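Inspection log for the structure reproduced underneath, given as structure tokens.
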Amino acid sequence: CANLILPPLIRSMTPGNNIRVAAHAALCIVDFCSGDETQQVAKFLQPLLKALLTILGNSNVDPRIESSCFAALAALAQTAGGEAFARYYSTFMPGVMTYLEVTVKSVKTMDESKMTQQLRWKREARCNAIFCVGVMAESVGSRFFEKDAKRCMTLLAEIAKHIKSGDPTRGRISAAFCSISQCLEEKFSPYLSYVVPPLLRAALDTEDPYSAMDVRESQGQAKEGFEYVHVDIRGKPTQHVKVNTALIEAKMESCAYLGLYALNCPKAFFKYLEPATKAIVPLIMFTKSRRVRVHAVDAIPNLMECANKHGKGFGQRILLACLEKFVESLQAGHEPEETTRVLSSLSQCIQHCTEPLDAQRLQYINQSLLKSIQVSIGRLQEYKHRMGQPIDDSEKEEIRMDVALESEMMGYTVGLVKALAEKNGNTYLLSFHKQLLPVFSTFLQDKSSTSLQTAGVCCLCDVMEANVESKISREYADRLLPFCLKRCLFKSIDIRHSAAYAVGVCAMLLGREQFTKYCKEAVTTLSKIITAPDGRKGENAVAADNAISSICKIIDIMGGDVSKMVLPRIVSWLPCKSDDMEAPAIHKYFCKFLEGEHKGFMFGQNQSNLPKIFGIFAEVCSQPKLASEETRKRMCGMAKRFLDQLGADGRQRLQTVLSKEHLNVIKVMVSGRVPNS
């Protein structure tokens, strides 16, 4: 793809080409970078940057081309990554800084009341240059940027001093400051006294962004930083409303950047923590703008993380200060996207808690979750009704997208329940059992959608795992297991994946005595998931990994005949690579079984499985995400022992069976070192 697209774009940016063509070519690079997940652009970085340098080095460049080139430069720095872009940093940063110095002079003399199209193009180029500085700094890190930091901050501050509040340049300067803070981290602390107070003032501004205006004013053109909205209500005259979009943008940016400064400079930001919390918390329920609300919500976990670095319980105070607003937001019946952000943020806040919440607050949260779930179910029923009506394909597609958003929101609801259960143990379980179990139980019915069934299974699993010693959890397991065994072979990958995992959790909760009656059916069903013709392909592989994980748990619990029957199969099923969360647990069990009383069944007759076992060792130890450091060290020790036991003939057989890559890894392992540590 890159080989076909990028060379013509490079040619289009050569000097002498049509201005519009060159500008569009640069913007096409921005678009390409936005979808370049595999960093293909890195192969063409040198010719692309050379073309941009040729254009930007010209003293008489059209501002439209300048603007597009700065945007392309920022996109390349961001996509290629710091290591690749760092070698070009010293080529570009001085030029961009010189451009900003010229900008300072032009901003001082510019009369914004006489804004021409040419001046608008220059302002857009200025915005993209400022954005570019921040991106380059963040990309290469403090090692390269620190020497330029003071000059850069001074230039940006000087520009900010001479522009009006509605000027879009102000937002780009704020974004650049934040990117620089991410680059410098605590070294940014000298500049906090400059950047934080304006953000606090904007967040605390009580001016109403909406104001009525007369017909005459509404017929004119809105000033910069404002919009005119006309609202028609049946039976009433048209309402003309002026919207201060600059004020809304400033509040939104204040929430976002205060949260990021707390994250990037936690030590220096601590003195601003209390005023920042007081400014942001009321905006969680800012009725005038959804964007302000979601950015306020997103900032709270960062404030908590910053507070926790200064003392145990500091972060929890922030949560208690904003919990009422979180609950109000969940009960307000906002659109799924917004509710999802609230659920995600509250879940992170709960994870940052250093002490359990009291029962009353847990009930308060569960009450809001119940309301949010009920509203979502109501919307789903409405969508189902509409799908049964004679509607066109575009409306059906829109409904399907809405249903997907509801499903995502339900997933975040389950995530919050998991965080609450893990942090608050049995106290939360009792509250969940009384308030939320009834609604999640309705999800475990044949008539429920697969997404609701998945949510029900995941939620009960999370609550059970957080309370393994509870009698209530064992009751849940006994009730959930038959349902999951039926769902393990369902077509829907989500419910199959969740059910396969849940079988293992239920086995752990029930223990050997209670699980015995389910054991044969469970092993048979889970084996079908793993050995299906396409069971290890694509998204099915994740369900297979979860089925293997559950079988490992069953072997560990049941032992005896179950171990003898299933352990030989385990060798043929490993390694597991598709589920990064389950793979480490599975390979830890694998090591345990290899050293257990039934290990002979894994080695096979005449140790015929040893080459396969060595292959598993090599695969797992060469990919750190597949096992913990402890498990990989354990595998190294076993590899050395098993190799000593093989004798000359066995070692020769390994040479012929294993690949060269695997043999090299095994060589490192038996030397006492863990590969890729």
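We did not get these values from a lab; they are worked out from the coordinates using the rules stated. Quantities reported herein were computed from a predicted structural model and do not represent experimental measurements. Neighbour counts are summed over all protein chains in view; Cβ atoms, including those assigned to glycine, are modelled from backbone coordinates with ideal geometry.
For the stretch 492-538, trypsin sites (Lys or Arg not before Pro) are listed when DSSP marks them as loop and at most 12 other Cβ atoms sit within 10 Å of their Cβ; the list is Lys537. Candidate cross-link partners of Lys418 among the aspartates and glutamates, defined by an alpha-carbon separation under 12 Å and a same-chain spacing of 8 or more, comprise Asp462, Glu465. For the chain, the longest principal axis of the Cα atoms and the long axis of helix 493-531 meet at an angle of about 50 degrees. For the stretch 513-614, applying the loop criterion from DSSP together with a ceiling of 15 other beta carbons within 10 Å to the GluC sites (Glu not before Pro) yields Glu539, Glu595, Glu597. In terms of its alpha-carbon gyration tensor, the stretch 459-576 comes out oblate; a/c meets the 1.5 threshold, while b/c is at least as large as a/b.
The fraction of Cα-Cα pairs per 10 angstrom bin, counted from 0 for the stretch 1-80, comes to 20, 59, 20, 1 percent, rounded to whole percents. The count of lysine pairs in the stretch 431-541 whose Cα atoms are under 28 Å apart, excluding pairs fewer than 8 places apart on the same chain, comes to 23.
Sort the stretch 545-594 into rounded, prolate or oblate with this rule: let a ≥ b ≥ c be the square roots of the eigenvalues of the Cα gyration tensor; rounded if a/c is under 1.5, and if a/c is not under 1.5, prolate when a/b is larger than b/c, oblate otherwise. Because a/c hits 1.5 or more and a/b exceeds b/c, the stretch 545-594 counts as prolate. Mean residue ellipticity at 222 nm, helices only, the chain: -25000 deg cm²/dmol; runs of at least 4 DSSP H residues each add -39,500 (n - 2.57), and the sum is divided by the number of residues.
Counted over all Cα-Cα pairs of the chain, pairs farther apart than 32 Å make up 65 percent. Taking 15 Å as the straight-line reach from the Cα of Lys161, the aspartates and glutamates in range (excluding those fewer than 8 positions away in the same chain) are Glu101, Asp111, Glu112. Whole-Hz Karplus values for the stretch 374-383 come out as 4, 4, 5, 4, x, 5, 4, 5, 5, 4 Hz, taken residue by residue from phi with 6.51 cos²θ - 1.76 cosθ + 1.60 and θ = phi - 60°; glycine and proline positions read x. Per-residue Karplus couplings for the stretch 621-632, computed as 6.51 cos²θ - 1.76 cosθ + 1.60 with θ equal to phi - 60°, are listed in order as 6, 8, 10, x, 5, 7, 6, 6, 4, 4, 5, 5 Hz, Gly and Pro entered as x. The angle separating the long axis of helix 314-331 from the principal Cα axis of greatest extent in the chain is about 80 degrees.
Taken one residue at a time, the phi angles of the stretch 200-206 give Karplus couplings (6.51, -1.76, 1.60, θ = phi - 60°) of 4, 5, 5, 5, 8, 4, 9 Hz. Gly and Pro are set to x. Pairs of Cα atoms nearer than 8 Å and 6+ residues apart set the relative contact order; for the stretch 408-475 it is 41 percent.
Starting from 0.36 nm per residue, how many nanometres of slack lie between Glu328 and Gln645 once their C-alpha separation is accounted for?
Length gained between Glu328 and Gln645: 107.5 nm.
Placing +1 on each Lys and Arg Cβ and -1 on each Asp and Glu Cβ, with no other charges, gives the chain a dipole about its Cα centre of roughly 1220 debye. With angles folded into 0 to 90 degrees, how steeply does helix 290-308 sit against the dominant principal axis of the chain? Use alpha carbons for both and round to 10. The answer is roughly 60 degrees. Averaged over residues, the count of other Cβ atoms within 10 Å places the peptides 78-85, 167-174 in the sequence 167-174, 78-85, highest first.
Principal axis analysis of the Cα atoms in the stretch 105-231 yields extents of 57, 35, 23 Å, listed in decreasing size.
Each listed q (0.13 Å⁻¹) maps to a log10 I(q)/I(0) for the stretch 229-320 from the Debye sum over equal C-alpha point scatterers, namely -0.49. Calculated on the alpha-carbon coordinates, the convex hull of the stretch 275-425 measures out at 104 cubic angstrom per residue.
Which whole-percent values make up P(r) of the stretch 395-474 when all C-alpha to C-alpha distances are grouped in 5 Å steps starting at zero? The calculated distribution, bin by bin, is 3, 16, 24, 22, 16, 9, 5, 3, 2, 0. Taking amide hydrogens as placed 1.01 Å from N in the peptide plane, the amide H of Gly604 sits under 5 Å from those of Asn609, each at least 5 positions away in sequence or on another chain. Overall, the anisotropy analysis places the stretch 428-519 in the oblate class: the square-rooted eigenvalues a ≥ b ≥ c of its C-alpha gyration tensor yield a/c not less than 1.5, with a/b not exceeding b/c. A Stokes-Einstein calculation at 10 °C with viscosity 1.306 mPa s, built on the Kirkwood radius of the stretch 588-670 over Cα pairs, returns a diffusion coefficient of 124 µm²/s. Ratio of Rg to Rh for the stretch 537-653: 0.96 [Cα atoms; Kirkwood radius as inverse mean 1/r over pairs].
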